[in-house]
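Colleague: Sharing a structure below in structure tokens format, with a few things to ask.
The values are calculated or read from the model by the stated rules, or taken from the named source; none is laboratory data. All figures in this text were calculated on a predicted structure; none of them were measured in a lab. FYI the Cβ positions are ideal-geometry reconstructions off the backbone, even for glycines, and counts take in every protein chain you see. Each accessible area value is taken on the protein alone, full model and side chains, heavy atoms only, with ligands, DNA and RNA left out. Shrake-Rupley method; radii C 1.70, N 1.55, O 1.52, S 1.80 Å.
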Amino acid sequence: MKYIKTLLLLIILSVGVIPLFSQEPATFTGKIIDSETKEPIPLVTIQSSTVYTITNTDGEFDIQPKQVDEQISFTHISYHSQKLDYSKISEIIELKPKTFELAEITITPREMIIKELKEVWNKYMALTKDKKNKEFPESTFYYRQLTSNDNLYTQYIECFFTAPTTICVLNMSLQEGRFAWVNRDDMTHITNYFYNSQVAPFSRKKAEYKNILNAFLCADFEDHYEVYLHQTISPRQDDEVRVYEFIPIHATAKNNTLFMGGKAFVRTKDRAIIRAEVKLPTMGLVFDKKTKITNEDHTFIISYREGVTSYPIVESVQASSKINLSRDGKNRVMQIKSILFANDYTFDQKGKKINQKDNLLKEVINSKYNQEFWDNNPIVKRTKVEQQVLDDFNKEGYFGTMNMVQ
């Protein structure tokens, strides 16, 4: 009789538990588009008390909140924000673009622009002065890099890092990583491309002249850049953003010194940098003697978390490079695209610290490959092209090996 009572109690408890588990929300997949053009919007921040992610380059996202009744916010620098109850989110979400006003409409004196940008520089100087990286909060970052040579995808890398984050991402520690490399030709590759994710528009120092890439908002930027008010987003409103353009007077200087050009998106009310767009005509790349660079173009888009006023927090870094090469009398094209974005995935271990001189591929090779981690990871969201390349590489068994496929 005792065993029968115990069995009945277990059955009752089991039945009582079923509804609790059935209330767990399933993963929701959606897409965010421009309400006017109907084009997808990449790098939209999707956030709640239990969710933090961004859309991919196709405007797609996956979320699974812990609270089914919570509100989800959708924010982007160029669009009006939306807050929706999770139960009311549709598969297609439209965001309305903000109004723009070109700077040419109102001519702003250079002295005024310099004064405004000095206020921005002074603010971040005060926030970061005498602070060490370990004093800033640590975040987890997902990184993906896709390389193609002459339209043939040859390299796929994805990693998880942890790092302190301020105006840029430094002191990165490798937590999980995998790569696939199809070496079907002798095209040169760039192993440490992921360090481009550490590009930053802000520097506490004056511009330097020795083997360095200078941030455009440095201590003496007015001596090295022509600066313009490029445009204003949502003019004369509480969320007004002024877009300043930096054009280097000298793109390159002595001793292999480079000057970044680009745009800084600054929120007017608190002088906070919320986005930066960086352009580089060259990165000082050097290939073997058989290979000559005929043209190169590098673009970086850095987004910072909205609402942060005490110090800057990197939300995402998107990098894209197109390099035209001449090799053995043939014109070749190498394209590399990567994205690094913050997420709420947690790791218990410290990870392997990656230094500037380290080869990311070798570090990934030497790390333990965890197929289950990648199969069941909830953070990663890929475009159709990225997923197709991943599926093809997986099918051929390219991941998790130390050998490059010839």
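Colleague: State yes or no: is Glu111 modelled with pLDDT under 85, exposed (fewer than 12 other Cβ atoms within 10 Å of the Cβ) and among the acidic types (Asp, Glu)?
Modeller: no
Colleague: Among the listed residues Leu361, Leu325, identify the single one that is surrounded by 16 or more Cβ atoms within 10 Å (Cβ to Cβ), modelled with pLDDT of 85 or more and not charged (D, E, K, R).
Modeller: Leu325
Colleague: Right, next: I'd like to check which strands (runs of 3 or more DSSP E) are fully inside the stretch 63-108 and have at least 3 residues that are surrounded by 14 or more Cβ atoms within 10 Å (Cβ to Cβ) and at pLDDT 80 or above.
Modeller: Once the strands (runs of 3 or more DSSP E) in the stretch 63-108 are filtered for at least 3 residues that are surrounded by 14 or more Cβ atoms within 10 Å (Cβ to Cβ) and at pLDDT 80 or above, what remains is 71-76, 79-85, 92-95.
Colleague: Using the structure shown, decide if Gln198 is open to solvent by 20 Å² or more (accessible area, probe 1.4 Å) and under 26 Å from the mean Cα position of the chain (by Cα).
Modeller: Considered against the rule, which asks whether it is open to solvent by 20 Å² or more (accessible area, probe 1.4 Å) and under 26 Å from the mean Cα position of the chain (by Cα), Gln198 comes out as yes.
Colleague: Only residues that are of a type in the set (A, V, I, L, M), open to solvent by less than 60 Å² (accessible area, probe 1.4 Å) and at pLDDT below 80: list them for the stretch 286-308, please.
Modeller: Matches in the stretch 286-308: Val308 only.
Colleague: Mind listing whichever residues of the stretch 310-352 are without any contact (Cβ under 8 Å) to a residue 40 or more places away in the chain and within 20 Å of the chain's Cα centre (by Cα)?
Modeller: Ser320, Lys322
Colleague: So, of the residues in the stretch 219-244 that are in a loop (DSSP other than H, G, I, E, B) and in contact (Cβ under 8 Å) with a residue 24 or more places away in the chain, which turns out to be surrounded by the fewest Cβ atoms within 10 Å (Cβ to Cβ)?
Modeller: Asp238
Colleague: While we're here: Please determine whether any residue of the stretch 260-276 is open to solvent by 40 Å² or more (accessible area, probe 1.4 Å), assigned to a strand (DSSP E or B) and modelled with pLDDT under 90.
Modeller: No, the stretch 260-276 contains no residue that is open to solvent by 40 Å² or more (accessible area, probe 1.4 Å), assigned to a strand (DSSP E or B) and modelled with pLDDT under 90.
Colleague: Can you name the number of the only condition in (1) over 26 Å from Thr45 (Cβ atoms); (2) in contact with a helix residue (DSSP H, G or I) (Cβ under 8 Å, 6 or more places away or on another chain) that Ser326 fails?
Modeller: (2)
Colleague: May I ask you to verify whether Thr50 is under 30 Å from Leu170 (Cβ atoms), in a loop (DSSP other than H, G, I, E, B) and out of contact with any Phe, Trp or Tyr (no Cβ under 8 Å at 6 or more places or on another chain)?
Modeller: It is true that Thr50 is under 30 Å from Leu170 (Cβ atoms), in a loop (DSSP other than H, G, I, E, B) and out of contact with any Phe, Trp or Tyr (no Cβ under 8 Å at 6 or more places or on another chain).
Colleague: Scan the stretch 28-44 for residues that are open to solvent by less than 10 Å² (accessible area, probe 1.4 Å) and either polar (S, T, N, Q) or not in a strand (DSSP E or B) (or both) and jot them down.
Modeller: Those that are open to solvent by less than 10 Å² (accessible area, probe 1.4 Å) and either polar (S, T, N, Q) or not in a strand (DSSP E or B) (or both): Ile41, Val44.
Colleague: Which one is least open to solvent (accessible area, probe 1.4 Å), of the residues in the stretch 121-150 that are closer than 16 Å to Leu340 by Cβ and of a type in the set (D, E, K, R)?
Modeller: That would be Arg144.
Colleague: Which one is nearest to Lys337 (Cα to Cα), of the residues in the stretch 53-62 that are in a strand (DSSP E or B) and open to solvent by 20 Å² or more (accessible area, probe 1.4 Å)?
Modeller: Ranking the qualifying residues of the stretch 53-62, first place goes to Glu60.
Colleague: While we're here: Does Ser203 meet the test of being open to solvent by 20 Å² or more (accessible area, probe 1.4 Å), at pLDDT 85 or above and closer than 30 Å to Ile247 by Cβ?
Modeller: Considered against the rule, which asks whether it is open to solvent by 20 Å² or more (accessible area, probe 1.4 Å), at pLDDT 85 or above and closer than 30 Å to Ile247 by Cβ, Ser203 comes out as yes.
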